[in-house]
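Q: Can you read through this structure? Questions will come right after.
The values are calculated or read from the model by the stated rules, or taken from the named source; none is laboratory data. Owing to the predicted nature of the structure, the values given are computational and were not obtained by experimental measurement. Methodologically, a virtual Cβ is constructed for each residue, glycine included, from the backbone with ideal geometry; neighbour enumeration extends over all protein chains shown.
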Amino acid sequence: MSYRKACLILLLISSTAALAQISHPEQVQITPPLIRTIDPPAPDATATDLEVRADQLRAAKLYLDALDYYRAALAKKPNDARMLNKVGIIYLMTQHFKEARKTFEQSVKANRSFADAYNNLGVVFYEQKKYGPAIKQYHKAIELDGNSASFFSNLGAAYFSKREFDPAVQAYQHALELDPEVFERTSRGGVQAQLPSPEDRARYDYTVARLYAKMGASERSLEYLRKAIEDGYKDLKNVYKDVEFSELRKDPRFTELMAAKTAALPD
């Protein structure tokens, strides 16, 4: 090989290597998988100790490590409905829906009176946009425990996603009667992600605003009313007709909010 040819080959290799370093902003890179960072469960640990440690790891969002500890606890207490439910929650939070559904079904089978497992099975169906089956499971949970605001809130979300607004409002109202703070502990984003259109998302905000207004929770009602406006709720004129807003309409903040809306969004 001549010296000139060798130089040309080296130049070509160098140019290729340089091009390989160029950024490709349109490329998608897979996120590295979750890794286990905690020492494995001790063989002589009790089921209770393992469960407590798993709960701590789950709270710290170390889900794979928590799963190891829950499984170890479950090995010492086979077919424990509570433990199976916690394993299912880990699968649900890591979006392994097939495994979550199977585990919640095992929990239900282990204890037919365990309302949480029915509710969580409903959440799996809800996340998969299977709203009919989700509603069925939520009703089963409510039959076993009619004092859980979360069960009624979940039921309302499923009805809302099916555009069955009347039963959705009834479920949400029941949830708020049981716990006025229920919406503060649930993810608006999670509900919003299931709603099929911006119009439905705006209607959700308006519905929650109306329910809070009925309870006399002015601050929260105004917050959701503002969100409804931002999301482009088309029937905002109903705020002057709906009886639930009768007291809120006397609040200067309501007048200010509606005036700002009128100025920003002319008819």
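Q: Of Ala66, Ala75, which residue is surrounded by fewer than 19 Cβ atoms within 10 Å (Cβ to Cβ), of a type outside the set (Val, Ile, Thr) and more than 23 Å from Phe125 (Cα to Cα)?
A: Ala75
Q: Has segment 171-183 got any residue that is surrounded by 15 or more Cβ atoms within 10 Å (Cβ to Cβ), at pLDDT below 90, on the phi < 0 side of the Ramachandran plot and assigned to a helix (DSSP H, G or I)? First the steps, then the outcome.
A: Start the filter on segment 171-183 by keeping residues that are surrounded by 15 or more Cβ atoms within 10 Å (Cβ to Cβ), which leaves 171-176, 178-180, 182-183.
Filter once more, keeping what is at pLDDT below 90: 180, 182-183.
Next, only the ones that are on the phi < 0 side of the Ramachandran plot stay: 180, 182-183.
Then keep just the ones that are assigned to a helix (DSSP H, G or I); that gives 182-183.
Yes; the residues of segment 171-183 include at least one that is surrounded by 15 or more Cβ atoms within 10 Å (Cβ to Cβ), at pLDDT below 90, on the phi < 0 side of the Ramachandran plot and assigned to a helix (DSSP H, G or I).
Q: Ser153 is checked against (1) within 27 Å of Ala45 (Cα to Cα); (2) buried (at least 22 other Cβ atoms within 10 Å of the Cβ) and fails just one. What number does that condition carry?
A: The number of the failed condition is (1).
Q: Output the number of the condition that Arg163 fails; it satisfies all remaining conditions of (1) more than 24 Å from Ser197 (Cα to Cα); (2) assigned to a loop (DSSP other than H, G, I, E, B); (3) not small (Gly, Ala, Ser).
A: Arg163 satisfies all of (1) more than 24 Å from Ser197 (Cα to Cα); (2) assigned to a loop (DSSP other than H, G, I, E, B); (3) not small (Gly, Ala, Ser) except (1).
Q: Same structure, new question: Within 24 Å of Leu211 (Cα to Cα) and over 17 Å from the mean Cα position of the chain (by Cα), is that true of Val169?
A: Values: within 24 Å of Leu211 (Cα to Cα): yes; over 17 Å from the mean Cα position of the chain (by Cα): yes.
For Val169, the condition - within 24 Å of Leu211 (Cα to Cα) and over 17 Å from the mean Cα position of the chain (by Cα) - is met.
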